[in-house]
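S.K.: My questions all concern the structure below.
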Amino acid sequence: MSGIIAIDSNALPWEARWNEHLGKTLYRKNLVTDPDTGMEVRIVKYPAGVVNARHTHPCAHGMYVLEGTLVTHAGRFTPGHFVWFPEGIEMEHGATAETDVVVLFITNKPFEIHYK
């Protein structure tokens, strides 16, 4: 398996990340960060009812819905949907009030967030 990375994400514990702006905890499992580009791949869980308020990123990012329903400023997306957010647009995303949402989260550059 030289040169590849294989991760059993089921064996990784959820890392709790307190979000001061939201006053809520989000959860993630970091999978890969490319040292050359800053690209990141992680699994992110938004608990039921938690929606990340309007914000922008200096990177593009995609969210592939694994479980639950992803709520965004542009609609709702169920498992199997892939949603790409271009760099710099104002957005919001998170979980419905009824259930957590779990997504595969991919950035094209180092991740930053800027709240409105």
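S.K.: Any idea which of Ala97, Ala16 is loosely packed, with under 12 Cβ neighbours inside 10 Å and in contact with a Phe, Trp or Tyr (Cβ under 9 Å, 6 or more places away or on another chain)?
M.R.: On inspection, the qualifying residue turns out to be Ala16.
Yes/no per residue for (1) of a type in the set (Ser, Thr, Tyr); (2) closer than 23 Å to Phe77 by Cα:
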residue: Arg17; (1), (2): no, no
residue: Arg28; (1), (2): no, yes
residue: Val32; (1), (2): no, no
residue: Asp36; (1), (2): no, no
residue: Val41; (1), (2): no, yes
residue: Ala48; (1), (2): no, yes
residue: Val51; (1), (2): no, yes
residue: Thr56; (1), (2): yes, yes
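S.K.: Does Phe105 satisfy the condition of being in contact with a Leu (Cβ under 6 Å, 6 or more places away or on another chain) and surrounded by 14 or more Cβ atoms within 10 Å (Cβ to Cβ)?
M.R.: The answer is no for Phe105.
S.K.: With surrounded by fewer than 16 Cβ atoms within 10 Å (Cβ to Cβ) and either touching a Gly at 6+ places or on another chain (Cβ under 7 Å) or of a type outside the set (A, V, I, L, M) (or both) as the only criterion, which of Asn52, Asn30 stands out?
M.R.: Asn30
S.K.: Looking for whichever is modelled with pLDDT of 95 or more and among the charged types (D, E, K, R) here; the options are Arg42, Arg54. Which one fits?
M.R.: After applying the criteria, what remains is Arg42.
S.K.: Quick check: is even one residue across the stretch 46-53 closer than 15 Å to Gly94 by Cβ, of a type in the set (Phe, Trp, Tyr) and without any contact (Cβ under 8 Å) to a residue 24 or more places away in the chain?
M.R.: So far as the stretch 46-53 goes, no, none of its residues is closer than 15 Å to Gly94 by Cβ, of a type in the set (Phe, Trp, Tyr) and without any contact (Cβ under 8 Å) to a residue 24 or more places away in the chain.
S.K.: Of the residues His93, His21, His55, which single one is closer than 17 Å to Ile113 by Cβ and part of a loop (DSSP other than H, G, I, E, B)?
M.R.: When all the criteria are applied, what remains is His21.
S.K.: Sticking with this structure for a sec: Give the residues of the stretch 11-32 that are at pLDDT 95 or above and either of a type in the set (S, T, N, Q) or under 14 Å from Val103 (Cα atoms) (or both), sorted by residue number.
M.R.: Trp14, Thr25, Leu26, Tyr27, Arg28, Lys29, Asn30, Leu31
The values are calculated or read from the model by the stated rules, or taken from the named source; none is laboratory data. Not measured: the values here are computed from a predicted model. Neighbour counts are summed over all protein chains in view; Cβ atoms, including those assigned to glycine, are modelled from backbone coordinates with ideal geometry.
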